[in-house]
Amino acid sequence: MTTTKEKYIEAVGRRKTSVARVRLTPASKNRLLVNEREFENYFPTKELQNVVMNVFADVPEHFSVTAKLNGGGISSQAQALRHGIARALTENDSTLRTKLKIKGFL
C-alpha cells in the first residue's frame, strides 16, 4: 500500500521585523490558517483581511494556506503574509509575477 503526500509550495514573506512562513496546497476553495487559528480570528478587522486577500484577486485557482507568523505588529504581519503568499503563487505559476509585481505584492 502506498501513501501519497499532498504537494505543497512553501515560501517566506517578510515586512519590517515580521516573518511569515507560508505553505500553499491546492484546494476546492481558499482557506487560511494563521498560527493554527482561523484567518478571521487572527486578523479581526476587514482592512487587515483585505490586505491579505487582495493577493488572490487575479488567481483563478483556489488554495489552502497555512502560515506561521513571528515578530512585528499585526499590520506588518498581514503584509508579510501577503508577501509570502505572493512568492508561493509565483513558484506555482510564473506568469503571475508581473501582475503581482505591478500591484506591489512582491
### Task
Kindly establish whether Arg15 is over 12 Å from the mean Cα position of the chain (by Cα), without any contact (Cβ under 8 Å) to a residue 24 or more places away in the chain and open to solvent by 40 Å² or more (accessible area, probe 1.4 Å).
no
#### Entry: Check on Asn70, open to solvent by 30 Å² or more (accessible area, probe 1.4 Å), over 10 Å from the mean Cα position of the chain (by Cα), polar (S, T, N, Q) and within 12 Å of Ala20 (Cα to Cα)
yes
### Summary
Among the residues of the stretch 79-101, the number that are more than 9 Å from the chain's Cα centre (by Cα) and open to solvent by less than 20 Å² (accessible area, probe 1.4 Å) is 2
### Query
Within the stretch 44-54, can you find the residues that are closer than 19 Å to Ala11 by Cβ and either touching a residue at least 60 places away in the same chain (Cβ under 8 Å) or of a type outside the set (Val, Ile, Thr) (or both)?
Met53, Asn54
### Task
State whether the residues of the stretch 55-65 include one that is open to solvent by 100 Å² or more (accessible area, probe 1.4 Å), under 17 Å from Phe105 (Cβ atoms), without any contact (Cβ under 8 Å) to a residue 12 or more places away in the chain and not charged (D, E, K, R).
yes
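The values are calculated or read from the model by the stated rules, or taken from the named source; none is laboratory data. No experiment lies behind these values; they were computed from the predicted model shown. With ideal geometry, Cβ positions are generated from the backbone for all residues, glycine too; neighbour counts draw on all protein chains shown. Note: areas computed on protein heavy atoms with side chains; ligands, DNA, RNA excluded. Shrake-Rupley method; radii C 1.70, N 1.55, O 1.52, S 1.80 Å.
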